[in-house]
Amino acid sequence: MSEVERAKGYIHGSTDPREVARLEKQAGFAWRFVGPKFIAHKGERVLDLATGVGAMAEQILMHHPGVRLFGADVRMSQLRSAKANHPGVTLVNADGARLPFKDAVFDRIHCSWLLEHVPNPVAILRECRRVTRPGGTVHFVEVDNATFRLVPPDPEIEAVMDALNRAQTASGGDPFVGQKLGALFREAGFEQVSLSPSALHGRWDDPAFYAECITEFAEIFESIDEAVDPEMAQRAHAAAQKLRARLGMRGSEFHYSGVLAVATR
Ligand SMILES: C[S@@+](CC[C@H](N)C(=O)[O-])C[C@H]1O[C@@H](n2cnc3c(N)ncnc32)[C@H](O)[C@@H]1O
């Protein structure tokens with residue numbers, strides 16, 4: 001199996017019940033930081049692009065119960081899981097770079113953790129601009145893995161993070177895409193874009209929040225699929241254990257910052 005095939009399989013691909021439960025929990029955690037900037041009103045048409053198993057779509061419905069929510073994803077396996085768990089979402093099988101919608105039909109688009117996986121982010125953002133009505137908003141949540149930092153540092157954990165970043169890059173994705181969102185949105189034709197970091201800073205002396213940050217990232221490492229790459233899975237599981245062991249470590253800290261882009265059409 002090539003490095004590219006391995007990367008595609010082991011980075012956020014599975015729909016087994018444990019992985020789905022992890023994604024639902026992750027969505028609840030992430031919404032606390034990015035949800036307050038997602039504005040939608042009753043009756044509006046909202047698209048959750050790259051809805052996956054529908055985890056963030058569920059957050060949208062919980063916090064904005066009056067919207068008409070559509071979820072689009074390129075993978076049928078993800079959509080089958082979304083359909084079973086989130087019947088309130090109208091699901092569409094579609095590539096974000098060629099959306100099967102007329103111009104200006106959505107009031108809002110939400111999208112989380114898509115651009116890190118695609119080779120053509122501008123094509124996707126252009127389509128989002130096309131299907132959003134003038135004055136509507138487009139809300140993207142993306143990663144910037146360069147911000148991952150532990151105090152004190154741990155070279156083994158950082159090496160696993162680097163290996164995952166390399167694999168994602170080899171598969172045509174970009175684990176640092178968050179840094180480029182301003183330029184990408186402008187290239188796609190958006191003139192008004194507001195960027196904000198969604199910063200996680202966990203510290204040993206705030207054990208409850210520290211545990212949440214550490215656990216989210218440990219669970220990401222533990223989700224690396226053994227069937228796809230046993231060696232990487234083993235290294236990632238060991239890194240997860242080391243991360244969890246830091247919880248009681250006096251003076252230790254965890255830093256990570258994703259990026260939120262909100263653009264007006
Ligand atoms: C990391 S998951 C994020 C899922 C969901 N947004 C969430 O927050 O849980 C990335 C999703 O993007 C989808 N995807 C990848 N390329 C896509 C494309 N070109 N168009 C639409 N969806 C795509 C994948 O199938 C996967 O469901």
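A few comments on the model shown:
- Between Lys42 and Gln234, the distance separating the two model label sites (each 7 Å from Cα on the Cα→Cβ line) works out to 5.8 nm.
- Cα extents for the chain along the principal axes, largest to smallest and rounded to whole angstrom: 52, 42, 35.
- Here the simple spin-label model places points 7 Å from the Cα toward Cβ, and for His63 and Met76 these points are separated by 3.3 nm.
- The stretch 144-229: chymotrypsin sites (Phe, Trp or Tyr not before Pro) falling in loop per DSSP and having at most 15 other Cβ within 10 Å: none
- Chain lengthening between Ala104 and Ser196 when straightened (0.36 nm per residue, less Cα-Cα): 30.6 nm
- A crude spin-label estimate for the pair Asp206 and Arg32, with each label 7 Å from Cα along the Cβ direction, gives 1.0 nm.
- Derived scalar couplings ³J(HN,Hα) [the stretch 251-261; Karplus, 6.51 cos²θ - 1.76 cosθ + 1.60; whole Hz; x for Gly, Pro]: x, 7, 9, 10, 10, 7, 9, x, 10, 10, 10
- Spatially proximal aspartates and glutamates relative to Lys25 (Cα-Cα < 12 Å; intrachain offsets below 8 disregarded): Glu58, Glu212, Glu216, Glu219
- Across the stretch 3-264, C-alpha contacts under 8 Å between residues 6 or more apart give a mean separation that, scaled by the residue count, equals a relative contact order of 21 percent.
- Rounded to the nearest 20 debye, the dipole size of the chain about its Cα centre is 980 debye, using +1 on the Cβ of Lys and Arg and -1 on the Cβ of Asp and Glu.
- Rounded tilt (10° steps) of 121-131 against the dominant C-alpha axis of the chain: 30
- Angle of helix 17-34 to the longest C-alpha principal axis of the chain, folded into 0 to 90 degrees and rounded to 10: 70°.
- Between the C-alpha center of the stretch 187-265 and that of the stretch 46-61 there is a gap of 20 Å.
- For Gly136, distant residues with modelled amide H under 5 Å away: Arg265
Bear in mind that the values in this text are calculations on the coordinates, not laboratory data. Keep in mind that what you see is a predicted model, and the values were worked out from it rather than measured. FYI the Cβ positions are ideal-geometry reconstructions off the backbone, even for glycines, and counts take in every protein chain you see.
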